[in-house]
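Data first, discussion second: the structure below is written as structure tokens.
The values are calculated or read from the model by the stated rules, or taken from the named source; none is laboratory data. Note that the coordinates shown come from a computational prediction; the quantities given were computed from them, not determined experimentally. Counting neighbours? That spans all protein chains shown, and the Cβs are built from the backbone with ideal geometry, glycine included. Note: accessible area is taken over every heavy atom of the protein model, side chains too, but ligands, DNA and RNA are not part of it. Shrake-Rupley method; radii C 1.70, N 1.55, O 1.52, S 1.80 Å.
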Amino acid sequence: MKTELEVNSLKSFQTELTRFFLAYKFALQEVETKINILQEEFKLIHEYNPIEHISTRVKSPKSILTKMLKKELPPTMEDVRENIRDIAGARITCSFVEDIYKVSAMLQAQHDIEVVQVKDYIASPKDNGYQSLHLIIKIPIFMSDHMEKVYTEIQIRTIAMDFWASLEHKIYYKYNKEVPEHIRVELKEAALQAAELDRKMERLNKEINILKENEAEPTLLDSTPISQLAKYFAQLPNLNHND
């Protein structure tokens, strides 16, 4: 039978482990809230939504353990917190490459977000063709008895980049990372084609925006001087007046 000390130690460890994962869950909730607010504000101001999709995930204990062994980390919570910085992950999918940098700039401008690292795999793609913008941030979360800053990774991609990365991941998983050379070459070519598609769609989008601006008809606010508008509104009946 387990002694009382062993039972208490086990309960203590279970509580610590539960709070460990809760911290990352709460961090992702904070990130999602920030992204949703920025998205709504951007739509209101620019009448355009730069974000197509948002997804989040917390790494599984198995994935964390695998990374611990790979990094040869001591088996302590603190070492894991400090050295594995993608336990909490958010992925933002945008329509166009320029939207990636807009969303990144808006997130980095948040005063309570600490930007730890930026990896621009769009300006400098990986050797296999992978493209994405990665942000490693620290975001504060408030527990019942303390505040802590939690590492979170944010990946921002276009739809084409995300499609390519998802297929590449499936192929590598199927071959257990031992992918034949000719498939590697074709994947790299597909990545280049996806990048060209992004550039083409961005050019088309800019051209359409220019046409829309040229064809837009002036509204009452555009064509009426401010002084005349003020005089007009002053002459309106008081809608709050009760007869």
| task | Could you grab me the full set of residues in the stretch 53-98 that are out of contact with any Asp or Glu (no Cβ under 9 Å at 6 or more places or on another chain) and either under 16 Å from residue 155 (Cα atoms) or among the aliphatic types (A, V, I, L, M) (or both)? | result | 55, 57, 58, 64, 65, 69, 80, 84
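Results for (1) surrounded by fewer than 11 Cβ atoms within 10 Å (Cβ to Cβ); (2) at pLDDT below 90; (3) touching a helix residue (DSSP H, G or I) at 6+ places or on another chain (Cβ under 7 Å); (4) not charged (D, E, K, R), shown as yes or no for each residue.
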residue: 2; (1), (2), (3), (4): yes, yes, no, no
residue: 77; (1), (2), (3), (4): no, yes, yes, yes
residue: 82; (1), (2), (3), (4): no, no, no, no
residue: 108; (1), (2), (3), (4): no, no, no, yes
| Meets criteria (over 22 Å from residue 203 (Cβ atoms) and either charged (D, E, K, R) or at pLDDT below 95 (or both)) for residue 148 | yes
| request: Would you list the helices (runs of 4 or more DSSP H) that sit entirely within the stretch 61-150 and hold 2 or more residues that are of a type in the set (D, E, K, R) and within 29 Å of residue 195 (Cβ to Cβ)? | output: 97-108
| query | Residues in the stretch 111-131: is at least one open to solvent by 30 Å² or more (accessible area, probe 1.4 Å) and of a type in the set (Ser, Thr, Tyr)? | reply | yes
| remark: Of the residues in the stretch 157-206 that are among the aromatic types (Phe, Trp, Tyr) and open to solvent by 40 Å² or more (accessible area, probe 1.4 Å), the one that is nearest to residue 132 (Cα to Cα) is 163
| remark: Apart from one, (1) open to solvent by less than 30 Å² (accessible area, probe 1.4 Å); (2) among the aliphatic types (A, V, I, L, M); (3) within 16 Å of residue 138 (Cα to Cα) all hold for residue 100; the odd one out is (3)
| query | Would you call residue 55 within 30 Å of residue 197 (Cβ to Cβ), in contact with a Lys or Arg (Cβ under 6 Å, 6 or more places away or on another chain) and either in a helix (DSSP H, G or I) or small (Gly, Ala, Ser) (or both)? | reply | yes
| task | Under 8 Å between Cβ atoms, at least 6 apart or on separate chains: pull out the pairs that start in the stretch 116-141 with a residue that is basic (Lys, Arg) and end on any residue that is open to solvent by 30 Å² or more (accessible area, probe 1.4 Å) and modelled with pLDDT of 95 or more. | result | 138/114; 138/116; 138/149
| field | Output for the stretch 85-101, where each listed residue is of a type outside the set (Gly, Ala, Ser), more than 15 Å from residue 149 (Cβ to Cβ) and either free of Cβ contacts under 8 Å to residues at least 40 places away in the same chain or touching a strand residue (DSSP E or B) at 6+ places or on another chain (Cβ under 8 Å) (or both) | value | 86, 91, 92, 93, 94, 96, 97, 99, 100, 101
| If you check 52, 72, which single one turns out to be surrounded by fewer than 17 Cβ atoms within 10 Å (Cβ to Cβ) and in contact (Cβ under 8 Å) with a residue 24 or more places away in the chain? | 52
